[in-house]
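The values are calculated or read from the model by the stated rules, or taken from the named source; none is laboratory data. Small disclaimer: the values here were computed from a predicted structure and weren't measured. Please note: Cβ atoms are built from the backbone with ideal geometry, for glycine as well, and neighbour counts cover all protein chains shown. Keep in mind that these areas ignore ligands, DNA and RNA; they rest on the heavy atoms of the full protein, side chains included. Shrake-Rupley method; radii C 1.70, N 1.55, O 1.52, S 1.80 Å.
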Amino acid sequence: MISEIFTAMLITSLSGSCLAAVILLARPLTKRVFGYSWHYYIWLTVLFTMLLPVRFSLPRTADIVPSVPAATQSGQSVQTEQDTNIAASVPQEDTKTELLQTGTRFFAGIIDNRMDIIAYIWLAGAVTLLSVNLTGFIRLAWQIRKNSALIPCPELEGFTKRKVSVRVWERTSSPFMVGVIKPTLVLPARNLTDKQLNNILRHEMTHLRRHDILYKWLVVLVKCLHWFNPMIWAAAKQIDAECEISCDMAVTRSMNRDEEMSYIDTILSLLPVRQSKRLSITTQMAGSKRMLERRFMMMKTKRTTSKLVSAVSAAVAAAMLSTTVFAGGVLSGLTGDDYAVEITNNGEVIELANKPFIENGEVYLPLRETFEKIGYNEANSYIAWNSGVIDIAVLNYPEENGSYRLNIGESDITFRSFSGEDLYNANVAYNIEITFSGDNVPLLKNDLTYIPYSYFEFLSYTINTDRIDIGYTIYDKDGNIIDYNGFYHLVLDEYMIKIPDSWSEKYSVSASDDTVSFLQTATYDKYGKGSGVLFSIEKVNADEADGLLNMLAGSKLLYSDDEYAYIFAVPTDVQYPIWSDRDEEDIEIAAEYERMFADVDLIAESFTISDGQ
């Protein structure tokens, strides 16, 4: 989970960095065209790109169809002798080999978990930096409250209607605002003329009106999350400078020359005698001398921006943001999974903390967690691990117990069925050794054992089938079903369709001439011919397909060659009980029909011409 969050953070960081680089590179051009406020607020696009995991991308088509490998039985023997110690039959290796395998697994675990380690380092850095900033702000607020004096300032009424506390503090030489919810104006402990106070209030209340302190908090949050990215630190420095410049421009926009000079003189008079510490998350009116030179130069060369240029600048900002978000979506698609696997047992969804995945065309499930989720952690059942050899003991039912042995990286399973409650002194009914074909074998991922879906199917076939009925559904990023587990139904020796396991014993097939209809058994048995149809597949001459498709509502072409075409159709009239005076049985039948009908489109997509065609 932590690695997924960090991966998403890396994508937003890269996207924001690209946008920040574009803004910096384009600055020689944009400063000639766009206004000062644009250069201040354009950085919000970078912050939002880095902060919000909102992504849009081109539609993707997934081509993931896991297939269950066929299992071939390689040997079977029946035993009647006593098995004195089934658990003790795990092959023991010499100490050196065991130590070597243990060391290999240890370092393999480190490699597999490297993203988690990096992610935890990132999280520790983010939490530490955020704590430092919060602590600094709390300390500053406490010092102001303890060491400053609250004073009345009726002049504020001419600049804002908000309630603003005004304090005088001997430890500052430059006025500043602090606080978002309860803003406080802090003034230096010195005698200020009416003009100086007026200029200070104009400047600081402009910050307040524009919510610049909230902006600064946003910068701090993004810096803490992306502390590893030098671009956000450069962007933060630019935002700090543009904040004061744009504020100066807003304050002096309607001033005449004498008022501008008075404003500049006020700022100069507030310069500290010696270098003072910059207060974070505040709006200090007077900054460094180098910064003041730039601010004064901008005020002398200020210009007005037309409405057309303002509209163009807004459009450019929107285009830059949308392009970056779109690019982030492409990056997200390259790094993230194209699918999500939902696991069910007896039709109920199993929530797994360790995500299933697809490998070599098959769904893999976390062994121990799935084992526990389906209830075999009860009684004396267990999973034992020994140097890559895994024993699964299913002991819930004394009359039919079972023991399975798997090997990491190997395709063999040994199954023993025995009776009696004593695992160490039980009568072995039979022993099966089965080999699964293909490359789908138990494997380790992030120090966890994962086994293929087909292995769980084997578990359900060999013992207690009413307890285990593992199924899966694979979804794409948009929540559409890509594939699902089921069984293939061969029709007329010509084509196959995949029927969901949930349809088992609930449907019937009716064939007439070249049309095959699939019906819900419950409705058909109760109401007879003409009811319960879920879908039909009709075989026609290829040259008749277009006319039939135009005539049949809800139909679509499944397959066509030079000779024949197969057309899929759903009923256009009601096929199940929906009338108002239906009984409780009808209500259950209708609900079952609706659940089955929801799978019809997926069945159509599974249509495949058989090998004989």
Exercise for the section: Return the pairs, sorted by first residue and then second, in which the second residue is modelled with pLDDT of 85 or more, the first residue lies in the stretch 24-35 and is more than 22 Å from Ile232 (Cα to Cα), the beta carbons are less than 8 Å apart, and the residues are 6+ apart or on different chains. Expected result: Gly35/Met249
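Identify all residues within the stretch 194-230 that are in a helix (DSSP H, G or I), open to solvent by less than 50 Å² (accessible area, probe 1.4 Å) and over 17 Å from Tyr263 (Cβ atoms); write none if there are none. It would help to see each step written out before you state the result.
Residues of the stretch 194-230 in a helix (DSSP H, G or I): 194-209, 212-225, 230.
Subset that is open to solvent by less than 50 Å² (accessible area, probe 1.4 Å): 196-197, 199-201, 203-208, 212-213, 215-216, 218-220, 222-225.
Across the stretch 194-230, the qualifying residues are Leu208, Asp212, Ile213, Tyr215, Lys216, Leu218, Val219, Val220, Val222, Lys223, Cys224, Leu225.
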Handout entry: Failed item in (1) closer than 30 Å to Leu365 by Cα; (2) charged (D, E, K, R); (3) out of contact with any Pro (no Cβ under 9 Å at 6 or more places or on another chain); (4) open to solvent by 70 Å² or more (accessible area, probe 1.4 Å), with Asp476 passing the rest
Key = (4)
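Do the conditions hold for Asp466, that is, is it open to solvent by 60 Å² or more (accessible area, probe 1.4 Å), acidic (Asp, Glu) and modelled with pLDDT under 85? Show your work before the answer.
Numbers: open to solvent by 60 Å² or more (accessible area, probe 1.4 Å): yes; acidic (Asp, Glu): yes; modelled with pLDDT under 85: yes.
The answer is yes for Asp466.
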Problem - Total residues in the stretch 15-57, condition touching a Gly at 6+ places or on another chain (Cβ under 8 Å) and either of a type outside the set (Phe, Trp, Tyr) or modelled with pLDDT of 80 or more (or both) - result: 7
Exercise for the section: Please work out if Leu140 is touching a strand residue (DSSP E or B) at 6+ places or on another chain (Cβ under 8 Å), part of a strand (DSSP E or B), at pLDDT 90 or above and not acidic (Asp, Glu). Expected result: no
Completion exercise
Among (1) more than 36 Å from the chain's Cα centre (by Cα); (2) closer than 21 Å to Thr521 by Cβ; (3) open to solvent by less than 90 Å² (accessible area, probe 1.4 Å), Ser610 falls short only on (2)
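Looking at the structure I just gave you, is Ser502 of a type in the set (Gly, Ala, Ser) and assigned to a helix (DSSP H, G or I)? Walk me through it before giving the result.
On the way: of a type in the set (Gly, Ala, Ser): yes; assigned to a helix (DSSP H, G or I): yes.
Here the answer is yes, as Ser502 does meet what is asked.
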Practice task
Please specify each residue of the stretch 539-572 satisfying the condition of being open to solvent by less than 60 Å² (accessible area, probe 1.4 Å) and in a strand (DSSP E or B).
Solution key: Lys539, Val540, Ser555, Leu558, Ser560, Ala565, Tyr566, Ile567, Phe568, Ala569
Exercise for the section: Determine the pairs where a residue that is touching a residue at least 40 places away in the same chain (Cβ under 8 Å) and closer than 17 Å to Phe436 by Cβ, located within the stretch 348-370, has a partner that is of a type in the set (Asp, Glu) and part of a loop (DSSP other than H, G, I, E, B) with Cβ atoms under 8 Å apart, the partner being 6 or more residues away or on another chain. Expected result: Asn360/Asp439
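Thr12: open to solvent by less than 20 Å² (accessible area, probe 1.4 Å) and within 30 Å of Asn354 (Cα to Cα), yes or no? Reasoning before the result, please.
Working: open to solvent by less than 20 Å² (accessible area, probe 1.4 Å): yes; within 30 Å of Asn354 (Cα to Cα): yes.
Yes, satisfied.
Let's see how each residue does on (1) under 14 Å from Glu594 (Cα atoms); (2) open to solvent by 20 Å² or more (accessible area, probe 1.4 Å); (3) assigned to a helix (DSSP H, G or I):
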position	(1), (2), (3)
Ile497	no, no, no
Ser510	no, yes, no
Leu519	yes, no, no
Ala522	yes, yes, yes
Ser536	no, yes, no
Problem - Residue in the stretch 573-596 that is modelled with the lowest pLDDT, counting only those that are open to solvent by 80 Å² or more (accessible area, probe 1.4 Å) and closer than 26 Å to Gly486 by Cβ - result: Arg595
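Mind checking which residues of the stretch 144-193 are in a loop (DSSP other than H, G, I, E, B) and in contact with a Phe, Trp or Tyr (Cβ under 7 Å, 6 or more places away or on another chain)? Can you show your working first?
Of all residues in the stretch 144-193, those in a loop (DSSP other than H, G, I, E, B) come to 148, 151-153, 159-164, 170-175, 179-183, 189-193.
Matches in the stretch 144-193: Ser148, Val180, Ala189.
Do you know which of the residues in the stretch 239-269 that are open to solvent by 50 Å² or more (accessible area, probe 1.4 Å) and in a helix (DSSP H, G or I) is farthest from Leu14 (Cα to Cα)? Step through it out loud before you land on a result.
Narrowing the stretch 239-269 to residues open to solvent by 50 Å² or more (accessible area, probe 1.4 Å): 240, 253-254, 256-259, 261, 265, 268.
When the remaining residues are screened for being in a helix (DSSP H, G or I), the result is 240, 257-259, 261, 265, 268.
Working: Asp240: 22, Arg257: 45, Asp258: 47, Glu259: 45, Met261: 44, Asp265: 43, Leu268: 40 Å.
Top of the filtered list is Asp258.
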Completion exercise
Log entry, pairs with first residue in the stretch 562-581 being touching a residue at least 40 places away in the same chain (Cβ under 8 Å), second being surrounded by fewer than 18 Cβ atoms within 10 Å (Cβ to Cβ) and part of a loop (DSSP other than H, G, I, E, B), beta carbons closer than 8 Å, six or more apart or on different chains, reads Tyr566/Phe607
